[in-house]
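Since the structure comes first, as structure tokens, the remarks are kept for the end.
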Amino acid sequence: MSQPNLTADQILALAVEALEDVKGDKITVLNVSKHTDMMDYMVICTGTSKRHVGGLGQNVIEHLKTNGLQPLGSEGRGTGSDWVLVDLHDVVVHVMTEEARAFYDLEKLWDIKPESM
């Protein structure tokens, strides 16, 4: 599913690196490959404000483009949203405010133990 020049693990590492570079908080990686064929990994990250959430999402997009991967799409950027989603082929990144993350509780929804990074 990913573009030939980057593996899912490489995309994951670049996405996490991009989130860490701009102080993403509570970065969680879920391996969903056994539960869906739409993606291998889901990354969930908390931003401190709606502006920070947007900046984290934008940094992920720019960092992956710099490394040769054109994201499939994104939602919630530039709207002052409390949730930004970035689709990176085999990796989907969710960046949320603390309130949105607690409300939607994606970790519980998927009921998968997070992998340590």
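The values are calculated or read from the model by the stated rules, or taken from the named source; none is laboratory data. Fair warning: this is a prediction, and the values are worked out from it, not measured in the lab. Backbone-built Cβ (ideal geometry, glycine too); neighbour counts: all protein chains shown. What goes into the accessible areas is simple: the full protein's heavy atoms, side chains included, and nothing from ligands, DNA or RNA. Shrake-Rupley method; radii C 1.70, N 1.55, O 1.52, S 1.80 Å.
At a glance:
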quantity	calculated
Counted residues, region 29-47 - those being more than 12 Å from TRP110 (Cα to Cα) and modelled with pLDDT under 95	4
Filtered residues of region 1-44 (kept if assigned to a loop (DSSP other than H, G, I, E, B), of a type in the set (Asp, Glu) and touching an Asp or Glu at 6+ places or on another chain (Cβ under 9 Å))	ASP40
Filter result for THR48 (over 11 Å from the mean Cα position of the chain (by Cα), among the polar types (S, T, N, Q) and open to solvent by 40 Å² or more (accessible area, probe 1.4 Å))	yes
Scope region 67-84; condition in a loop (DSSP other than H, G, I, E, B) and open to solvent by 50 Å² or more (accessible area, probe 1.4 Å); matching residues	ASN67, GLN70, LEU72, ARG77, GLY78, THR79, ASP82
Condition broken by LYS108, with the remaining ones in (1) more than 20 Å from ILE11 (Cα to Cα); (2) open to solvent by less than 20 Å² (accessible area, probe 1.4 Å); (3) not aromatic (Phe, Trp, Tyr) satisfied	(2)
Some residue of region 92-103 being out of contact with any strand residue (DSSP E or B) (no Cβ under 7 Å at 6 or more places or on another chain), within 16 Å of ASP9 (Cβ to Cβ) and not aromatic (Phe, Trp, Tyr)	no
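Here is a yes/no grid of residues against (1) open to solvent by 40 Å² or more (accessible area, probe 1.4 Å); (2) basic (Lys, Arg); (3) in contact (Cβ under 8 Å) with a residue 60 or more places away in the chain:
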{"position": "ASP21", "(1), (2), (3)": "yes, no, no"}
{"position": "LEU30", "(1), (2), (3)": "no, no, yes"}
{"position": "HIS35", "(1), (2), (3)": "yes, no, yes"}
{"position": "GLY54", "(1), (2), (3)": "no, no, no"}
{"position": "VAL60", "(1), (2), (3)": "no, no, no"}
